[in-house]
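Peer 1: Below are the structure tokens for one structure; questions will follow.
The values are calculated or read from the model by the stated rules, or taken from the named source; none is laboratory data. Because the structure is a prediction, the values reported are computed rather than measured. Please note: Cβ atoms are built from the backbone with ideal geometry, for glycine as well, and neighbour counts cover all protein chains shown. Please note that ligands, DNA and RNA were not included when accessible areas were found on the heavy atoms of the full protein model with its side chains. Shrake-Rupley method; radii C 1.70, N 1.55, O 1.52, S 1.80 Å.
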Amino acid sequence: MEENLSLPEFDQRVSGQREPEYLIWISLCMAMGVRSYVELGSGSGHFLLKAGVPKVVSIDITHSTERHNPYESEGVHYLRGDSHDLETLYNTLLILDNDRPDAVFIDAAHDYDSVRHDFDMWW
């Protein structure tokens, strides 16, 4: 039985993305059947839950329980950690039952070397 999912409502205040970016990315994830999603350098990554992605891991070096867990009760897993640290990768894989994520959104440090390191490590 195929689920008929529609795009979650766009809300700039909570998504932190521009609407065209949001619509393209969420549509791509839905079309690819993403079931596990990791966002590096994120506020929450919660909008993927609304698109039917059951496992969402949000990683940021500044995550704190007080500020960054508003969607934890809905299923977003929050990790405070460096996206370049193997321990962060290991902890993410534990959350995902040792499965690789279907999609990783790289939005941590924005310099070339950092993005390249994230790409190489999370690929």
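Peer 1: Going through region 53-67 one residue at a time, which ones are surrounded by fewer than 18 Cβ atoms within 10 Å (Cβ to Cβ), farther than 12 Å from A108 by Cα and modelled with pLDDT of 75 or more?
Peer 2: Residue satisfying the conditions is P54 alone.
Peer 1: Ok, one more. I'd like the full set of residues that are under 21 Å from D99 (Cα atoms) and surrounded by fewer than 20 Cβ atoms within 10 Å (Cβ to Cβ), limited to region 20-52.
Peer 2: L28, M30, A31, M32, G33, R35, G41, L49, A51, G52 - these are the residues of region 20-52 that are under 21 Å from D99 (Cα atoms) and surrounded by fewer than 20 Cβ atoms within 10 Å (Cβ to Cβ).
Peer 1: Please verify whether Y90 is of a type in the set (S, T, Y), open to solvent by 60 Å² or more (accessible area, probe 1.4 Å) and either within 12 Å of the chain's Cα centre (by Cα) or modelled with pLDDT of 85 or more (or both), treating the condition exactly as stated.
Peer 2: Judged against the criteria, Y90 is a match.
Peer 1: Can you tell which of H84, H77 is touching a helix residue (DSSP H, G or I) at 6+ places or on another chain (Cβ under 6 Å) and either assigned to a strand (DSSP E or B) or closer than 22 Å to S27 by Cα (or both)?
Peer 2: The unique qualifying residue is H77.
Peer 1: Among the polar types (S, T, N, Q), exposed (fewer than 13 other Cβ atoms within 10 Å of the Cβ) and at pLDDT below 85: is that true of S15 in this structure?
Peer 2: Here the answer is no, as S15 does not meet what is asked.
Peer 1: Checking the condition at pLDDT 90 or above, open to solvent by 30 Å² or more (accessible area, probe 1.4 Å) and over 13 Å from the mean Cα position of the chain (by Cα), which residue from D111, D85, D118 passes?
Peer 2: Within the list D111, D85, D118, the selection yields D85.
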